[in-house]
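Laboratory data are not the source of any read-out in this text; all were calculated from the coordinates shown. In this text, all values refer to a predicted model and were calculated from it rather than measured experimentally. A quick note on method: Cβ atoms are made from the backbone with ideal geometry, for glycine too, and the neighbour counts reach across all protein chains shown.
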Amino acid sequence: MSRRHLLSRLGWGSAALAASGLARAADPPAHPHTSIPKADEPASAPLPPSRPDGSYTPVRTLNGWTLPYKLVNGVKEFHLVAEEVEHEFAPGSVAKCWGYNGSTPGPTIEAVEGDRVRIYVTNRLGEPTTVHWHGILLPSGMDGVGGLSQRHIQPGETYVYEFSLRQHGSHMYHPHADEMTQIAMGMMGLFIVHPRQREAIDRDYAFLMHNWALHPGTSRPDPSVMQNFDLWTFNSKTFPAIEPLVARSGERVRVRVGNLSMWNHPIHMHGVRFEVTGGDGGRWPRAQWRREVTEIVGVGQVRDLEFVAVPGDWALHCHMSHHTMGPMGHEIPNAIGVDQSGVEDEIRKLLPGYMAMGKDGMSEHGGHVAMGMLPGPDNTLPMMTGEGPLGPLEMGGMFTLIKVRDDLAPGDYRDPGWYRSPAREQARRISSDPDFGSPVRRTVALTAPAEVLQADPHAAHRRHGG
Ligand SMILES: [Cu+2]
């Protein structure tokens with residue numbers, strides 16, 4: 001019995017069958033015969049012809065790029081290099097991170113269902129690594145778990161992975177060797193497999209979410225931090241350095257959102273109700289699609305969000321409000337409602353130019369940073385930043401914009417500038433008097449402490465019974 005036959009008997013074949021069932025269910029009436037190669041084919045058997053490049057909408061990796069390949073005897077050959085990279089999160093914050101081929105995240109690997117891929121991985125780090133192909137159905141020995149499915153790739157060595165793509169969907173790659181360090185340092189990438197049948201998608205965006213502990217004044221992320229991260233990123237960039245998602249009105253847009261951070265992120269989209277159409281398990285049958293405006297993308301998950309673009313500038317962001325902020329001091333005393341004027345004078349004797357922050361909220365902080373009055377420590381970013389057409393945006397971290405216009409050419413991804421709302425569709429000021437109008441306001445009578453005691457029978461019992 002051949003090894004392939006054995007694998008098939010052990011259930012590898014049934015996994016591939018399940019994948020093909022899913023693919024059929026995704027679009028049953030139009031494409032009843034999805035031709036997925038049989039899992040028990042010998043490795044040398046010719047694969048059915050793949051779709052040529054250009055017959056699908058290429059993925060647009062925000063701030064990123066797609067790895068070119070060489071076609072060698074029908075096999076798509078890619079070459080990843082694990083290495084240290086100089087990375088800019090946003091102007092003003094640069095760090096030595098780890099990634100692939102000069103960037104974090106690494107370049108997106110893009111292929112088509114039915115392709116056979118050969119991926120060389122060269123290790124230019126100072127420690128061993130591997131690459132795990134997250135969500136891809138493949139033979140056990142190609143799964144990339146160091147010490148389990150393969151020997152580690154030592155510094156200077158190159159390993160080769162080779163497998164056939166028997167599915168389509170939004171997938172990822174990352175090390176499965178000293179993961180705590182290597183992922184924290186930025187090693188990750190997207191692995192997108194297009195389906196064999198044509199999809200009605202006009203724009204196809206993808207990004208990976210991550211968190212970083214880049215302490216102020218330091219130049220390397222701290223991998224030991226578990227919760228108090230400083231930077232929250234889409235494709236290793238923070239707002240306002242994250243590219244906008246551009247579309248023409250009426251186009252169908254997909255956003256593939258992957259999460260290799262240490263937190264779950266509720267991803268919220270303004271302007272539309274999107275459909276969640278799949279994840280790293282592939283495209284879901286239509287009956288499973290869900291209509292949402294916020295979708296939690298859990299750690300290690302990918303979600304595909306699809307919508308029809310409507311004109312405007314719309315926010316796309318994580319709804320954990322600390323995740324749409326730049327670096328912030330953790331565990332600092334809360335100063336909201338505290339008059340700090342006397343303290344401010346005292347501190348200014350030691351730190352000229354010091355300005356107490358936060359009596360009426362944090363908005364003031366963003367304003368001072370924008371004016372250059374609060375430079376902050378070296379190599380760090382403001383907590384709230386970004387200048388919009390109508391004032392400061394007061395954001396940071398996992399925040400970007402979907403910019404939809406009526407007059408864009410297909411495939412034009414250039415930032416179209418700010419949206420101008422028609423006057424009748426624009427919220428506007430009609431008074432500057434706090435007493436304007438007679439809005440109904442509720443006055444709540446507070447309960448006096450003595451009444452609390454009397455109203456509490458247990459308290460009364462304690463009082464009388466001693
Ligand atoms: Cu978040």
Inset, instruction - Using θ = phi - 60° and the Karplus relation 6.51 cos²θ - 1.76 cosθ + 1.60, list the HN-Hα couplings for region 440-447 in order, rounded to whole Hz, with x at every Gly or Pro. - result: 6, 10, 8, 10, 9, 6, 7, 7
Inset, instruction - Put one equal scatterer on each alpha carbon of region 143-214, apply the Debye formula with no solvent term, and list log10 I(q)/I(0) at q = 0.17, 0.20, 0.21 1/Å to two decimals. - result: -0.86, -1.04, -1.09
Inset, instruction - Could I get the Rg over Rh figure for region 179-221? Both from C-alpha atoms, Rh via Kirkwood, rounded to two places. - result: 1.20
Inset, instruction - Please express the shape of region 210-257 as an equivalent ellipsoid: the semi-axes are the square roots of 5 times the eigenvalues of the C-alpha gyration tensor, given largest first in whole angstrom. - result: 31, 12, 7
Legend entry - Under 13 Å, Cβ to Cβ, from residue 147 - net charge with Lys/Arg +1 and Asp/Glu -1: -2
Inset, instruction - Would you grab the residues whose amide H sits under 5 Å from the one on residue 176? Only those 5+ places off in sequence or on another chain, please, with H modelled 1.01 Å from N. - result: 130, 131, 132, 146
Legend entry - Which of 275, 346, 162 has the fewest Cβ neighbours within 10 Å, and the rest in rising order: 346, 162, 275
Inset, instruction - Determine the dipole magnitude for region 182-270: charges of +1 sit on the beta-carbon of Lys and Arg, -1 on that of Asp and Glu, nothing else is charged, the reference point is the Cα centre, and the result goes in debye to the nearest 20. - result: 320
Inset, instruction - Neighbouring Cβ atoms within 10 Å as the yardstick, rank 96, 70, 403 fewest first. - result: 70, 96, 403
Legend entry - Cα-based radius of gyration of region 244-311 once divided by 2.2 N^0.38 Å, which approximates compact folds: 1.10
Legend entry - Cleavage-rule hits (trypsin sites (Lys or Arg not before Pro)) in region 179-269: DSSP loop, at most 15 neighbouring Cβ within 10 angstrom: 198
Legend entry - Residues with amide H under 5 Å from that of residue 282, placed H, sequence gap 5 or more: 170
Inset, instruction - Please list, in chain and number order, the residues 5+ apart from residue 315 or on another chain whose amide H is under 5 Å from its amide H, with Hs placed from the backbone. - result: 270, 402
Inset, instruction - Quick one: order 318, 97 by neighbouring beta-carbon count within 10 Å, fewest to most. - result: 97, 318
Inset, instruction - Would you please classify the overall shape of region 88-246 from the alpha carbon gyration tensor, given that a ≥ b ≥ c denote the square roots of the eigenvalues, rounded means a/c under 1.5, and beyond that prolate means a/b larger than b/c while oblate covers the rest? - result: oblate
Legend entry - Cross-link reach list, aspartates and glutamates versus residue 403, counting only Cα pairs under 13 Å and skipping chain neighbours closer than eight places: 243, 251, 313, 412, 415
Inset, instruction - From the C-alpha gyration tensor of region 163-283, pull out the three semi-axes of the equivalent ellipsoid (sqrt of 5λ each), sorted largest to smallest, in whole Å. - result: 29, 20, 11
Legend entry - Under 11 Å, Cβ to Cβ, from residue 162 - net charge with Lys/Arg +1 and Asp/Glu -1: +2
